[in-house]
Structures are given as C-alpha cells and as structure tokens.
Amino acid sequence: MPTRFLLAALALAIAPACGSSSTSAAGDPVGATVDQGHASGNRIAAQASGELAADDYMTVIGKTASILSALDQGEVNVSSFAVQIIKDQDVFQFANDMIAQHDDANTQLDAVVRIYGVGYIPADTEATLAAEASQDLATLRGSPPRDFDFRYTEIEVQAHAEAQVLLDELASIVGPGEMGDYIANTRTMVDNHLNRATALLAGFF
C-alpha cells in the first residue's frame, strides 16, 4: 500500500481518479495534503462503487454500515494511540475530540443498522480502510518525538479529506432514508474535523 506521506510536489502531480479535482497551488503544503487525501478517497470510493454495484439494497446497507464503522474505528484507534504521545495542547484536544466524536458516531450507526434489521456485512472496502488505519499507526510508531504531532496532524488531514469523497459516493449509492441521513450527518462532522485539522497543520509551516 503506498505511503500516505508523499512529498508535496508529488501529491500535486497526482490526478484524482474521479470526483475531486486538485485545487492547491505550488507552495501550499496544506492544500497538497488535502489533495492527496482526496486522491486516495477517489480510489476507495471507486472500490466501494464497484463492490456494491451488484448487491441488493439490504446487502448494500449492511456493507455500507461496515465501511462506515471501519472509517470511525480507524479514527478512534489512531487517535487513541496518538494522545499518549502528543505534546501540543491544541493537537491533543483535537485528538481527544476525534476519539469521542467518532466513537459516538459508531454508536449512532448501531442504531441505524437496527432500524434496517440487517447486520454488519463484511466488505472489501472495509478491509481497505482497516489496513490504512494500521499503516497510519505504524507510521506514528515509527515517528520520532519531534515529528510526532506533525505526522499525526498530517494523517488526520489526509484521512478526513479521503472520507469526504468516500461519504459522497456512499450517499449516492444508498439514497434517501435513515442511512442516507446518517451519512449526511457524518459528512458534516468530517467537514468540521477537516477544517480543524487543516488549521492545525498550517501551524507547522
């Protein structure tokens, strides 16, 4: 799996597969990081679209639930590790909020799944997100203390930019209803998290 930490120049050169376009200018490392997340999101959204295309609606709901749960759980796992090491108070507060809010989102997702009367159905896209979270944890474990806060913040920018694209794709597949409403609410949360993460990342440059 390619590393999430490419040079800004390389990130700017990557053309998204579908949906989002590159908007950052040269010399904008925060924008380049967002672009890299959107490019990754396009790849994962395409995977989800292909995986769910042939499924009946209830299977789509069950697999979508598993994908969304993996998104939230990955955030909880990465941030739970990070809070043990983060030094900057603002980044520390952000990480704690990620744990609380994504954990709460997973609890809300359980309630949505019960409404449909369908369980969580394993999905390949779910496994992709879980593997990404594991790679992020490995990156953080290998980061020297002086770089740790920066690396965590960079991961959060990329992860939430990626989530924006994936959530938009899932919303278009699922359509209106309880799951669609849940995805819309999650998209609002992710937008807020990305705004906070980009502001924090800008402070490192």
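Some values worked out for this structure:
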{"quantity": "Region 50-67 - residue that is of a type in the set (D, E, K, R) and part of a helix (DSSP H, G or I) and, of those, farthest from Gly117 (Cα to Cα)", "calculated": "Glu51"}
{"quantity": "Residue identified as in contact with a Gly (Cβ under 6 Å, 6 or more places away or on another chain), at pLDDT 95 or above and more than 28 Å from Asp35 (Cβ to Cβ) among Ile121, Ile115, Ile61", "calculated": "Ile121"}
{"quantity": "Verdict on Leu170 being at pLDDT 95 or above, closer than 28 Å to Pro29 by Cα and not small (Gly, Ala, Ser)", "calculated": "no"}
{"quantity": "Close pairs from region 125-136: first among the polar types (S, T, N, Q) and surrounded by fewer than 23 Cβ atoms within 10 Å (Cβ to Cβ), partner part of a helix (DSSP H, G or I) and at pLDDT 95 or above, Cβ under 8 Å, at least 6 apart", "calculated": "Thr128/Ile44; Thr128/Gln47"}
{"quantity": "Pairs where the first residue, in region 181-205, is at pLDDT 95 or above and the second is acidic (Asp, Glu), C-beta under 7 Å, 6+ apart", "calculated": "Ala197/Glu156; Leu200/Asp90; Leu201/Glu154"}
{"quantity": "Test: Ile44 is assigned to a helix (DSSP H, G or I), buried (at least 24 other Cβ atoms within 10 Å of the Cβ), in contact (Cβ under 8 Å) with a residue 60 or more places away in the chain and aliphatic (A, V, I, L, M)", "calculated": "no"}
{"quantity": "Hits in region 95-112 (condition: more than 20 Å from Ala202 (Cβ to Cβ) and either at pLDDT below 95 or aliphatic (A, V, I, L, M) (or both))", "calculated": "Ile99, Ala100, Ala105, Leu109, Ala111, Val112"}
{"quantity": "Residues satisfying the stated conditions in region 80-109, i.e. touching a Phe, Trp or Tyr at 6+ places or on another chain (Cβ under 8 Å) and within 25 Å of Ala45 (Cβ to Cβ)", "calculated": "Gln108, Leu109"}
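Residues are listed down the side, and each one gets a yes or a no for (1) of a type outside the set (D, E, K, R); (2) over 29 Å from Ile115 (Cα atoms); (3) modelled with pLDDT under 95; (4) surrounded by fewer than 16 Cβ atoms within 10 Å (Cβ to Cβ):
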{"position": "Ala32", "(1), (2), (3), (4)": "yes, yes, no, no"}
{"position": "Gly37", "(1), (2), (3), (4)": "yes, yes, no, no"}
{"position": "Leu71", "(1), (2), (3), (4)": "yes, no, no, no"}
{"position": "Glu75", "(1), (2), (3), (4)": "no, no, no, no"}
{"position": "Val83", "(1), (2), (3), (4)": "yes, yes, no, no"}
{"position": "Asp90", "(1), (2), (3), (4)": "no, yes, no, yes"}
{"position": "Gln93", "(1), (2), (3), (4)": "yes, yes, no, yes"}
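Every residue, every condition in (1) farther than 24 Å from Gly50 by Cα; (2) buried (at least 17 other Cβ atoms within 10 Å of the Cβ), yes or no:
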{"position": "Ile99", "(1), (2)": "yes, yes"}
{"position": "Val112", "(1), (2)": "no, yes"}
{"position": "Leu167", "(1), (2)": "no, yes"}
{"position": "Gly175", "(1), (2)": "no, no"}
{"position": "Val190", "(1), (2)": "no, yes"}
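The values are calculated or read from the model by the stated rules, or taken from the named source; none is laboratory data. Only a predicted model underlies this, so the values are computations on that prediction, with no experimental measurement involved. Cβ coordinates were reconstructed from backbone atoms using ideal geometry, including for glycine residues, and neighbour counts include every protein chain displayed.
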